[in-house]
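Step one of this worksheet: look at the structure below.
The values are calculated or read from the model by the stated rules, or taken from the named source; none is laboratory data. Predicted, not measured: the structure shown is a model, and the values here were computed from it. Only protein heavy atoms, including side chains, enter the accessible area calculation; ligands, DNA and RNA are left aside. Shrake-Rupley method; radii C 1.70, N 1.55, O 1.52, S 1.80 Å.
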Amino acid sequence: ARAGCRRIVGTVGSSGGPMLTGLSPGQARVDEHGRVVGACLSPASAKRWAQSGFAALPRDVHAVPWEGSDLVTHPWHVLDQLQSALQADLGLPGVKQVAATARLQPGVVLSADSGPIYIDQDAVIGANSVIEGPCYIGPHAVVQPLSLIRGNTVIGPWCKVGGEISFTVIQGYTNKAHAGFLGHALVGEWVNLGADTTVSNLKNTYGPVRVQLSPGSPAIDTGRTFQGPVIGDFVRTAIGTRLVTGACAGTGAMIALSTFAPKMAQPFGFHTDEGCQPAEIEKFLATARAMMARRQQTLSAAHEKRLRELAKASS
């Protein structure tokens, strides 16, 4: 799981969206903490700044205060904006768009009364499934028969999902193919959630949920009543895994417990009833390659390098 301020850099003549609206060449928007969140630079100046690692603004760039409120600085901010973003991207309630190459098996119900639905190229919606809007189903995604995909859900490309999913973003190439509830969650790429993996997204006190994003860091108050797990890339869970409200599973975590999973699952940790052991990186990478090969993808040298760096940092 990663958290960081969204930075937008536009070059002269390009459009960077509302964050760059009103900026003249040579200006940058800076928040109250001095962080640059958007800049409009000449190509040469942007290149120099990027090559410096974005360490400091070039001297010839003038800082303009940022007074907006839509910066994504923590994972759950994506959920805060999800409903409005889907409405803006997909259209008005009642709109149902199904790509020509998508397949809807018999008995599928598309309920767009509360928001639009978009089913992309080559997606397959299994028989007797219910899709509620607003919802986006990505290219080549498979929704298993008898599934319930509730509103404010995004399923990325080449995913295979089933059971009940609500108010969740699932990135590409991830499997949650069996029964179990997943709600108010953020799930990375190349994740495999075992059969009957289920989550809590509401405390029994109905109070605000706190999330710990890394081992040893303090838990952060999300200000949200509904908050499920934040799940990093390449996380795997065993059958029957139970994730508590506001859980976080770091990149590469493997969870195989007979009890509830930890609130913060150590990245690249193998979590069992005997405790947490660090993953063997060569074995982990071999499994990652095998997983990616099932989707006709390969692990690039840059991706492997980054995984090694993250595993080393977590050990």
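For the chain, adding -39500 (n - 2.57) for each run of n ≥ 4 DSSP H residues and dividing by the number of residues yields -5000 deg cm²/dmol at 222 nm.
Here is the tail figure for the range 43-93: Cα pairs spaced more than 11 Å apart come to 78 percent of all pairs.
In terms of its C-alpha gyration tensor, the range 181-243 comes out oblate, because a/c is 1.5 or above while a/b does not outweigh b/c.
Residue separation times 0.36 nm, minus the C-alpha to C-alpha distance between Ser214 and Thr73: what's the value? Could the numbers behind the result be given before it?
Values: separation 141, 0.36 × 141 = 50.76 nm, distance 1.49 nm.
The span from Ser214 to Thr73 would gain 49.3 nm if fully extended.
Applying D = kT/(6 pi eta Rh) to the chain, where Rh is the Kirkwood radius over alpha-carbon pairs, T corresponds to 20 °C and eta to 1.002 mPa s, the Stokes-Einstein value obtained is 102 µm²/s. Accessible-area rank, largest first, for Phe181, Phe260, Phe234: Phe260, Phe181, Phe234, with all protein chains present and a 1.4 angstrom probe.
Accessible surface computed residue by residue for the chain, with neighbouring protein chains in place and a 1.4 Å probe, gives 48 Å² per residue. Here the range 113-246 exposes an accessible surface that is 53 percent carbon and sulfur, computed with a 1.4 Å probe and the other protein chains kept in place.
Shape summary: the range 29-175 maps onto an equivalent ellipsoid whose semi-axes, from the alpha-carbon gyration tensor, are 40, 16, 13 Å in decreasing order.
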